[in-house]
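Sharing a structure with you now.
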Amino acid sequence: MHNPFALIGKTILVTGASSGIGRTIAIECSKLGADIILTGRNESRLQETLSQLKEGQHKYIVADITIEEDIITIVEQLPTLTGCVHSAGILGLVPIQAITKAKINEFEQINLHAPILLTKQLLKRKKLAKNSSVVFISSAAGVYRVSTANALYAVTKSGLDAFMRSAALELASKNIRFNSVNPAMIETEALSNIPISEEQKNANLAQYPIKRYGKPEEVAYATIYLLSDASAWTTGTEIKLDGGLTLS
Amino acid sequence: MDIQLFIQNVADQFDELNVELTPETNFRKVEGWTSLVALLVITMVDEEYGIVLPPEEMRKTNTIQELFDLVASKQ
Ligand SMILES: NC(=O)c1ccc[n+]([C@@H]2O[C@H](COP(=O)([O-])OP(=O)(O)OC[C@H]3O[C@@H](n4cnc5c(N)ncnc54)[C@H](OP(=O)(O)O)[C@@H]3O)[C@@H](O)[C@H]2O)c1
C-alpha cells in the first residue's frame with residue numbers, strides 16, 4: 001500500500017519516551033516501521049514502553065539529559081539516526097512572585113538546555129544522517145499565547161522555538177531538517193500534577209472551540225509527518241495543535 | 001507547627017484581606033481567593049514547611065484547619 005508517511009528503514013531517537021507524549025510517539029513510529037531508541041531516567045517505565053512497540057530493532061538507554069556526561073553517553077552508543085524527537089520536558093505553574101533561581105534552572109535545564117546540548121552532540125559526532133529530521137515537542141504556550149503562572153514554562157518553549165528555527169537555517173545545507181509540534185493541553189499524566197480544581201478545568205476546557213483537550217496520538221501523528229519523507233521540503237516550521245484555542 | 005503563624009502565612013498570600021482568618025475559615029469562600037492565590041499558598045507551604053502539597057489532596061481541604069492538618073501530617 002502506498003504510504004507517504006511510512007517510516008520503514010528509519011532509526012529514531014525519542015527522549016521522554018518513558019511517559020506521556022514521548023511514549024506514544026515511540027509506539028506510533030514503531031507501527032509505521034521505524035526502529036526506535038528510547039531514552040529517559042526511569043528504567044522500568046522505559047521497559048514498559050519497549051514492550052509496547054511493534055517488532056523492530058528497538059532499544060533503550062537510561063540517562064538524565066540534564067547532565068551533559070549522560071548526553072554524551074547516549075550519543076556515543078547511537079547508530080546513525082534518520083530522526084530525533086525531543087519530548088522530555090516538565091510542566092508546572094509558578095506565579096511570578098514565587099520564581100526562584102532554582103526554579104528557573106529546573107525548567108531551563110530540561111526544557112531548553114537538554115535539547116540544545118543533545119542536538120550539539122548529535123551534530124558534532126555526526127550521528128544525524130543527511131535527509132534526517134529533528135522534531136521538538138514545544139508548546140502553544142510561549143509561542144502563540146501566554147497564561148497566568150506559566151511564565152517559566154513559556155520562556156523555555158519560546159526559547160526552544162528560536163533554537164529550532166536557528167538550527168533549521170544553519171543545517172539546511174546538510175539537508176537536516178528541524179521543526180516543532182506545538183500543542184495546547186494534551187491529556188497526559190503530567191496534567192494531573194497541575195493544581196487546578198474541577199471547575200477551573202471545565203472553565204479552561206470551555207475556551208477550546210473543539211470542546212476537548214488533545215490526545216497524545218494526535219501529537220504523534222503530526223510528529224510522524226515531520227519525521228517522514230512527506231515533509232522533505234518542510235524545515236523551520238511549527239505545527240500548531242490546539243483545537244482552535246488560539247483562533248480568538 | 002504553630003497554627004497562628006500558619007494562618008499569618010496564608011493571609012500573606014492574599015493581595016488584600018477584609019476578614020480575619022481563623023482555623024474555621026473556609027478559605028475558598030474568602031473574597032480574593034483565586035487560583036493564583038492557591039498557587040502562592042502551595043509555594044509558601046513548600047518554602048516555609050518544606051512540603052510539596054499534592055494537588056488532589058489540597059483540593060479536598062476547605063478550612064484553614066484542614067489545610068494545616070494536611071501540612072502537619074506530612075511533616
Ligand atoms: N501534556 C501537555 O499538555 C503538553 C502540552 C504541550 C507540550 N507538552 C510537552 O510535551 C513534552 C512531554 O510532555 P508529557 O505530557 O508527555 O509529560 P510526561 O508524561 O511527564 O513525560 C515527560 C518525560 O520527560 C522525561 N524527563 C523529564 N526530566 C528528564 C530528565 N532530567 N532526563 C531525561 N528525561 C526526563 C520523563 O522521563 P523520566 O521521568 O523517565 O526521566 C518523561 O518521559 C514536554 O516537553 C511538554 O512540555 C505537553
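Filter region B:2-56 down to residues that are in contact with a strand residue (DSSP E or B) (Cβ under 8 Å, 6 or more places away or on another chain) and in a loop (DSSP other than H, G, I, E, B) and give me whichever is surrounded by the most Cβ atoms within 10 Å (Cβ to Cβ).
B:Thr25
Do you know which of the residues in region A:201-219 that are farther than 27 Å from A:Ile27 by Cβ and assigned to a loop (DSSP other than H, G, I, E, B) is nearest to the ligand (Cβ to nearest atom)?
Going through the qualifying residues, I end up with A:Gln207.
Same structure, new question: So which residues in region A:116-132 are among the β-branched types (Val, Ile, Thr) and surrounded by 22 or more Cβ atoms within 10 Å (Cβ to Cβ)?
Of region A:116-132, the ones among the β-branched types (Val, Ile, Thr) are A:116, A:119.
Once the filter is applied, which keeps residues that are among the β-branched types (Val, Ile, Thr) and surrounded by 22 or more Cβ atoms within 10 Å (Cβ to Cβ), region A:116-132 yields only A:Thr119.
All but one of (1) without any contact (Cβ under 8 Å) to a residue 40 or more places away in the chain; (2) more than 11 Å from the ligand (Cβ to nearest atom) hold for A:Leu128, so report the exception by its number.
Here A:Leu128 meets the rest and fails (1).
For region A:102-113, check the following and say yes or no: at least one residue is more than 9 Å from the ligand (Cβ to nearest atom), among the charged types (D, E, K, R), over 27 Å from A:Asn175 (Cβ atoms) and within 14 Å of another protein chain (Cβ to nearest Cβ). Before you say what the answer is, go through the steps one by one.
Step one: filter region A:102-113 for residues more than 9 Å from the ligand (Cβ to nearest atom), giving A:102-108, A:112-113.
Next cut, among the charged types (D, E, K, R) only: A:103, A:106, A:108.
Next, from what is left, pick out any that are over 27 Å from A:Asn175 (Cβ atoms): A:103, A:106, A:108.
Narrowing the set further to residues that are within 14 Å of another protein chain (Cβ to nearest Cβ) leaves A:103, A:106.
Among the residues of region A:102-113, at least one is more than 9 Å from the ligand (Cβ to nearest atom), among the charged types (D, E, K, R), over 27 Å from A:Asn175 (Cβ atoms) and within 14 Å of another protein chain (Cβ to nearest Cβ), which makes the answer yes.
Does A:Glu198 satisfy the criteria of being more than 14 Å from chain B (Cβ to nearest Cβ) and modelled with pLDDT under 95?
Details: more than 14 Å from chain B (Cβ to nearest Cβ): no; modelled with pLDDT under 95: yes.
Against the criterion (more than 14 Å from chain B (Cβ to nearest Cβ) and modelled with pLDDT under 95), A:Glu198 does not qualify.
Right, here's the next one. Taking the condition of being among the aliphatic types (A, V, I, L, M) and in a strand (DSSP E or B), how many residues in region A:1-30 meet it?
Residues that pass the stated criteria total 3.
Checking A:Thr156 against (1) outside any helix (DSSP H, G or I); (2) away from chain B (no Cβ under 14 Å), only one condition comes out false. Which one?
(1)
Got a number for residues in region A:5-33 being among the β-branched types (Val, Ile, Thr) and without any contact (Cβ under 8 Å) to a residue 60 or more places away in the chain?
Qualifying residue count, region A:5-33: 1.
Also, quick follow-up: Please indicate, with yes or no, whether at least one residue in region A:161-171 is of a type in the set (Gly, Ala, Ser), over 26 Å from A:Glu106 (Cα atoms), in contact (Cβ under 8 Å) with a residue 40 or more places away in the chain and more than 14 Å from chain B (Cβ to nearest Cβ).
Yes, because at least one residue in region A:161-171 is of a type in the set (Gly, Ala, Ser), over 26 Å from A:Glu106 (Cα atoms), in contact (Cβ under 8 Å) with a residue 40 or more places away in the chain and more than 14 Å from chain B (Cβ to nearest Cβ).
So A:Glu170 clears everything in (1) surrounded by 14 or more Cβ atoms within 10 Å (Cβ to Cβ); (2) assigned to a helix (DSSP H, G or I) except one condition, right? Which one?
(1)
Further question: A:Leu245 fails exactly one of the following numbered conditions: (1) within 16 Å of the ligand (Cβ to nearest atom); (2) at pLDDT below 95; (3) aliphatic (A, V, I, L, M). What is the number of that condition?
(2)
A further question on this structure: Out of the residues in region A:68-96 that are more than 8 Å from the ligand (Cβ to nearest atom) and polar (S, T, N, Q), which is surrounded by the most Cβ atoms within 10 Å (Cβ to Cβ)?
Among those that are more than 8 Å from the ligand (Cβ to nearest atom) and polar (S, T, N, Q), it is A:Thr82.
Moving on to the next point. Starting from region B:52-69, take each residue that is within 12 Å of chain A (Cβ to nearest Cβ) and list its partners that are not in a helix (DSSP H, G or I), counting only C-beta distances under 8 angstrom and pairs at least six apart or across chains.
Pairs that qualify, where the first residue is within 12 Å of chain A (Cβ to nearest Cβ) and the partner is not in a helix (DSSP H, G or I), are B:Leu53/A:Pro195; B:Pro55/A:Ile194; B:Pro55/A:Pro195; B:Pro55/A:Ile196; B:Met58/A:Pro195; B:Arg59/A:Pro195; B:Arg59/A:Ser197; B:Asn62/B:Asn26.
Now for a different question. Looking at A:Ile12, A:Ile65, A:Ile27, A:Ile37, can you tell me which residue is modelled with pLDDT of 95 or more, under 22 Å from A:Gly214 (Cβ atoms) and buried (at least 22 other Cβ atoms within 10 Å of the Cβ)?
A:Ile12
Yes or no: A:Asn182 part of a strand (DSSP E or B), modelled with pLDDT of 95 or more, more than 14 Å from chain B (Cβ to nearest Cβ) and within 11 Å of the ligand (Cβ to nearest atom)?
In short, yes.
Is it true that A:Ser139 is among the small types (Gly, Ala, Ser), outside any loop (DSSP other than H, G, I, E, B) and under 20 Å from the mean Cα position of the chain (by Cα)?
The answer is no for A:Ser139.
The values are calculated or read from the model by the stated rules, or taken from the named source; none is laboratory data. For clarity, every value in this text was computed on a predicted model and none was experimentally measured. Don't worry about glycine lacking a Cβ; one is built from the backbone with ideal geometry, like all the others, and counts go over all protein chains shown.
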